[in-house]
Amino acid sequence: MLKAIFYKEWIKTGLYFSLAGLVMLGFAGYIGIYLNRIADLAGMNQLWEYMLSSNEPMITLLKYIPLIVGIGGAVAQFAPEMYRKCLKLTLHLPYEQHKLLGSMLLYGCSMLVCFSLISFLILYLSYSNILPKELQTGLLESALPWYLAGICGYLFTAWIVLQPSTKKRILQIIVAAFVLKIFFITDCLGAYMPSLWLLLIITPLTSILSIISLSDFKEGRQD
Amino acid sequence: MNNNVIECINLTHYYGKRLIYKDLNFNVPKGKILGLLGKNGTGKTTTINILSGYLKPFSGKCLIFNQEANAIRPETRKRIGLLIEGHVQYQFMNIEQIEKFYSAFFPGQWKREAYYGLMEKLKVAPKQKINKMSNGQRSQVALGLILAQNPELLVLDDFSLGLDPGYRRLFVEYLRDYAKSENKTVFLTSHIIQDMEQLIDDCIIMDYGKILVQMPVKNLLSTIKRYRCYVPERQVVKEIIEKLYHPEKHNILLEFYSFEPIEEVEKILKKECIDFKNLTGENINLEDAFIGLTGKY
């Protein structure tokens, strides 16, 4: 069943995720090349000094890319389900309905996790010969909340798109915006380290929210 | 033993403060084709939505295969084929992909040849996307998928919506032959009554807030009659007369519908002090019976 659900999701979103993946990885690659180029031109010592004194991770170009990819992914995946209430067809399949929804979310999250890991790998490899270990780790730690925001944004958007009531949808957008703001409070190197656990808890918990929208859809809730 | 595939008990539903219906009761026995007829806004789609578990009724309950409609187990859903209003299907898939996708959910039950048999008649390429198809072609894809699923119960919401006469006929003929030869139970709605006459065994005619009639189509058509008589031009005729449906006066011609035999109708007219002559009654088709019972407005 999981294979069949992934098959459907891939037909629906394959093009989007292929392009979005390319964009996400392209940005990571670009930043890697960019930092290497600065190190070549200005020297590594100056690059380190700038990063430490300015507290700027120099990868802020990436900041909102995972979030945009995540939100777009959820729209590409769930908006066609809501078009003329196509979701009824999905929910009518002989498979436990929460598992159905879970499998669909798993597909989207797997894509984003996959892109995030490859992006991280690209960044790590790009920095390995120009930055010391501490700065490398610091950079990746700074970028981690942004990638978590991508997954969280995906799960929030799924919750919003699946909601049949417009009034509730507006409320949900406000809640999502406030929670997502937590992931972008500061860009400082290592600033999120003490509270990273909170983001790591919030992100998977967000997946539960879609069950509420599903339940509203099944009850035929309208404005 | 309970032979009913669908049982709706005291269903009441409101949208906001607007009552759709109150204490609606009906059953669909196994092997029967039951049509729910009603004007727009009488609650046909509401009933289908409740039956398919996508709407929680205000009160009352619906049982399908003895399970509450909003908590049907996955194994039971295998036994129910659902056609959503407008023949909605996954627009992003093509003919081949959609068959491959659905077949994975019905191992041992899926009749691939039933689907492709119908697709061959449509003369569409296997790679043709559903969003590039006409309404008629999409209806055949939806029907083909239901036939391939081979369910015991078919729930079809307004199957004739957007179809031209050719596709409507094709849909009705295919469905009738399939349901009768395989002893399937069908619950359906349509706003085109003439399609229903060829298809259904029993009918429920709904008006705003209530069921007007629930009986086999044969019984309905053998009992209901359209009556005509002549009355003086100045004759005043009440809008509501017991046992006479929707009396309408055009100059000197009075027309109404009734289940009563002509002798009984004569008595009613006399009792109402209507000065009539040349009273005649005629048999009518399902569409006329529907209009006679629900009115034109």
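Collect the residues in the range A:80-111 that are within 11 Å of another protein chain (Cβ to nearest Cβ), over 19 Å from A:PRO204 (Cβ atoms) and assigned to a helix (DSSP H, G or I), keeping them in residue-number order.
The answer is A:PRO80, A:GLU81, A:TYR83, A:ARG84, A:LYS85, A:LEU87, A:LYS88, A:LEU89, A:THR90, A:LEU91, A:GLN97.
Sort out which residues of the range B:46-57 are part of a loop (DSSP other than H, G, I, E, B) and either in contact with a strand residue (DSSP E or B) (Cβ under 7 Å, 6 or more places away or on another chain) or closer than 27 Å to B:LEU163 by Cα (or both), and write them in order of number.
Passing the criteria: B:SER52, B:GLY53, B:TYR54, B:LEU55, B:PRO57.
Across the range B:58-113, which residue is nearest to the other protein chains (Cβ to nearest Cβ) among those that are assigned to a helix (DSSP H, G or I) and of a type in the set (Lys, Arg)?
The qualifying residue nearest to the other protein chains (Cβ to nearest Cβ) is B:ARG77.
Kindly indicate whether A:LEU67 is under 19 Å from A:LEU121 (Cα atoms), loosely packed, with under 14 Cβ neighbours inside 10 Å and either within 11 Å of another protein chain (Cβ to nearest Cβ) or not polar (S, T, N, Q) (or both).
No; evaluated as a whole, the condition is false for this residue.
Filter the range A:11-34 for residues that are within 14 Å of chain B (Cβ to nearest Cβ) and in contact (Cβ under 8 Å) with a residue 24 or more places away in the chain; which is farthest from the chain's Cα centre (by Cα)? Break it down stepwise before answering.
Filtering the range A:11-34 down to residues within 14 Å of chain B (Cβ to nearest Cβ) leaves A:11-17.
If we keep only those that are in contact (Cβ under 8 Å) with a residue 24 or more places away in the chain as well, we get A:12-13, A:16-17.
Details: A:LYS12: 19, A:THR13: 15, A:TYR16: 14, A:PHE17: 12 Å.
So, considering only residues that are within 14 Å of chain B (Cβ to nearest Cβ) and in contact (Cβ under 8 Å) with a residue 24 or more places away in the chain, the one farthest from the chain's Cα centre (by Cα) is A:LYS12.
Any residue at all in the range B:230-243 that's of a type outside the set (Ser, Thr, Tyr), at pLDDT 90 or above and not in a loop (DSSP other than H, G, I, E, B)?
no
What is the one condition in (1) of a type outside the set (A, V, I, L, M, F, W, C); (2) more than 30 Å from B:GLU287 (Cβ to Cβ); (3) buried (at least 22 other Cβ atoms within 10 Å of the Cβ) that B:LYS17 does not satisfy?
(3)
Just the residues that are assigned to a loop (DSSP other than H, G, I, E, B) and among the hydrophobic types (A, V, I, L, M, F, W, C), please, taken from the range B:137-164.
B:PHE159, B:LEU161, B:LEU163
Look at the range B:224-258 and say how many of its residues are closer than 20 Å to B:PHE290 by Cβ and in contact with a strand residue (DSSP E or B) (Cβ under 8 Å, 6 or more places away or on another chain).
Adding up the residues that qualify gives 17.
Let me spell it out: the conditions are (1) surrounded by 20 or more Cβ atoms within 10 Å (Cβ to Cβ); (2) over 17 Å from the mean Cα position of the chain (by Cα), and A:MET104 meets all of them except one. Which number is the exception?
(2)
Tally the residues that are assigned to a helix (DSSP H, G or I), more than 14 Å from chain B (Cβ to nearest Cβ) and touching a Ser or Thr at 6+ places or on another chain (Cβ under 7 Å), restricting the search to the range A:169-223.
Matching residues across the range A:169-223 total 0.
For B:ILE268, are the conditions met, namely being among the β-branched types (Val, Ile, Thr) and modelled with pLDDT of 90 or more?
yes
Yes or no: A:MET58 surrounded by 13 or more Cβ atoms within 10 Å (Cβ to Cβ), outside any helix (DSSP H, G or I) and not aromatic (Phe, Trp, Tyr)?
yes
Which residue pairs have Cβ atoms closer than 6 Å, lie 6 or more positions apart in sequence or on different chains, and pair a first residue in the range A:184-208 that is modelled with pLDDT of 80 or more with a second residue that is of a type in the set (A, V, I, L, M) and not in a loop (DSSP other than H, G, I, E, B)?
Pairs that qualify, where the first residue is modelled with pLDDT of 80 or more and the partner is of a type in the set (A, V, I, L, M) and not in a loop (DSSP other than H, G, I, E, B), are A:LEU199/A:LEU148; A:THR203/A:LEU148; A:THR203/A:ILE151; A:THR206/A:LEU155; A:SER207/A:LEU105; A:SER207/A:LEU155.
Any residue at all in the range A:139-148 that is part of a helix (DSSP H, G or I), of a type in the set (Asp, Glu) and surrounded by fewer than 16 Cβ atoms within 10 Å (Cβ to Cβ)?
Checked against the condition, which is being part of a helix (DSSP H, G or I), of a type in the set (Asp, Glu) and surrounded by fewer than 16 Cβ atoms within 10 Å (Cβ to Cβ), the range A:139-148 yields no hits at all.
The values are calculated or read from the model by the stated rules, or taken from the named source; none is laboratory data. Only a predicted model underlies this, so the values are computations on that prediction, with no experimental measurement involved. Heads up, the Cβs are rebuilt from the backbone with ideal geometry, glycines too, and the neighbour counts pull from every protein chain shown.
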